[in-house]
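The structure appears below as structure tokens.
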Amino acid sequence: MSNERISSIPPPEQCTVLVTGGAGFIGSSVIRCLVAKGYKSIINVDALTYAGNLITVEKEAAYSGYRFEQADICDEDRMRWIFNHYQPNAVMHLAAESHVDRSIDGPAQFIETNIKGTFNLLELVREASERRESDQSDIRFHHISTDEVYGSLGGEGYFLEDSRYQPNSPYSASKAASDHLVRAWGETFGLNIVVSNCSNNYGPYQYPEKLIPVVIHRALNGERIPVYGKGENVRDWLFVDDHARALELVMRTGTAGRTYNIGGDSEKTNLEVVESICDILDEIQPAASGPHRDLISFVTDRPGHDFRYAIDATRVKSELGWSPSESFSSGLRKTIEWYLDNRAWVESVGGQPAASRRQGLGGAS
């Protein structure tokens, strides 16, 4: 960073962390991680759009340091009040529109939330940092992003922190833009920033429009399971609680101005993922109609579907001492068992319509 203002944040028992998007899938896992580590204050800021639900953090709401504020990160005045009132030591920015198919059908909201919302937060952090006394720590701004900003890999190689950006969907383009804003505010204004880019997350509480919960939902209901193209697209899968542990480490101990790629060391084709789900369901909840694999149906691929993502997570492992604790096999089994035990949660967050409607057709239904 050319204008360095690097300082450590207080230890957890003295630290106030503001989490945007804390009622969402990854955000709620982060909230649970921060509660478990005993952070002094955890401020959950969420607009409670379709993918955010307070049921997801219902248990954590009993924590003495937990506070919830319903707010849109694009609402500058409301967010300024929150910053002034709570005076966070760190911001973990997860609030985002995140579903690729939805970005194809309606990209405008992705530009608004992911780019303008991030800009608003950076400006508020800058304002708050400039008001602080010289003996106070800078506000740490941790921007949580995606490996999709790097574009598509061939059959070999991995995304590194300095890989070229080449986003191919409106979603990944909006996240790439927000990544660049964060880095620029670090360089130009000396903000204490860190960025992390992760591979595909899965686990409990994932909104039921994503691949794994969609497949579980449809298989349990004996419905056709759609697989894009031939199912050959490859993703690296990361269990959400492993990701949350990494995010807390990056926020607390990551080097200012640094980027950290976080992956699960679990490359699978989409078809392998679907077949694995079907096989586990055959074992623990067999269907009278026959093997769940019989429900698989190949459908027209979505536009701009990147072939392969794969993360090299050497930096976060070597510098911060993190490693995933779940293999894909163990994490997937835990996820399926959770969904079987919490089908009422899926219905309560509106999962059935989302899991039943094909998206990503550029506006078509």
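The numbers here are math on the coordinates, done by the rules we state, and not lab data. Since this is a predicted model, take the numbers as computed values, not measurements. Because the Cβ atoms are built from the backbone with ideal geometry, glycine has one as well, and the counts that use them run over all protein chains shown.
Values computed for the structure shown
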| read-out | value |
| --- | --- |
| Members of the range 162-176 that are crowded, with 17+ Cβ neighbours inside 10 Å and farther than 15 Å from Leu94 by Cα | Ser163, Pro167, Asn168, Ser169, Pro170, Ala173 |
| Residues being β-branched (Val, Ile, Thr) and either more than 30 Å from Ala184 (Cα to Cα) or touching a Gly at 6+ places or on another chain (Cβ under 6 Å) (or both) - total across the range 225-281 | 9 |
| Tabulated pairs, the range 58-87, first closer than 15 Å to Ala23 by Cα, second among the acidic types (Asp, Glu), C-beta under 9 angstrom, 6+ apart or interchain | Tyr66/Glu60; Phe68/Asp46; Glu69/Asp46; Gln70/Asp46; Ala71/Asp46 |
| Residue, nearest to Gly263 (Cα to Cα), within the range 120-170, restricted to residues that are without any contact (Cβ under 8 Å) to a residue 40 or more places away in the chain and touching a helix residue (DSSP H, G or I) at 6+ places or on another chain (Cβ under 6 Å) | Ser163 |
| Those residues of the range 125-156 which are under 22 Å from the mean Cα position of the chain (by Cα), in a helix (DSSP H, G or I) and closer than 22 Å to Ser8 by Cα, in sequence order | Val125 |
| So Ala96, is it among the small types (Gly, Ala, Ser) and assigned to a loop (DSSP other than H, G, I, E, B) | yes |
| Qualifying residue in the range 65-88 (condition: in a loop (DSSP other than H, G, I, E, B), among the hydroxyl-bearing types (Ser, Thr, Tyr) and in contact with a strand residue (DSSP E or B) (Cβ under 7 Å, 6 or more places away or on another chain)) | no |
| Ile280 being closer than 25 Å to Phe239 by Cβ and surrounded by 18 or more Cβ atoms within 10 Å (Cβ to Cβ) | yes |
| Check on Arg235, in a helix (DSSP H, G or I) and among the basic types (Lys, Arg) | no |
| Matching option when the condition is under 19 Å from the mean Cα position of the chain (by Cα), more than 19 Å from Ser174 (Cα to Cα) and surrounded by fewer than 22 Cβ atoms within 10 Å (Cβ to Cβ), among Ile55, Ile31 | Ile55 |
| Matching option when the condition is in contact with a Phe, Trp or Tyr (Cβ under 8 Å, 6 or more places away or on another chain), under 30 Å from Leu211 (Cβ atoms) and in a loop (DSSP other than H, G, I, E, B), among Ala51, Ala61 | Ala51 |
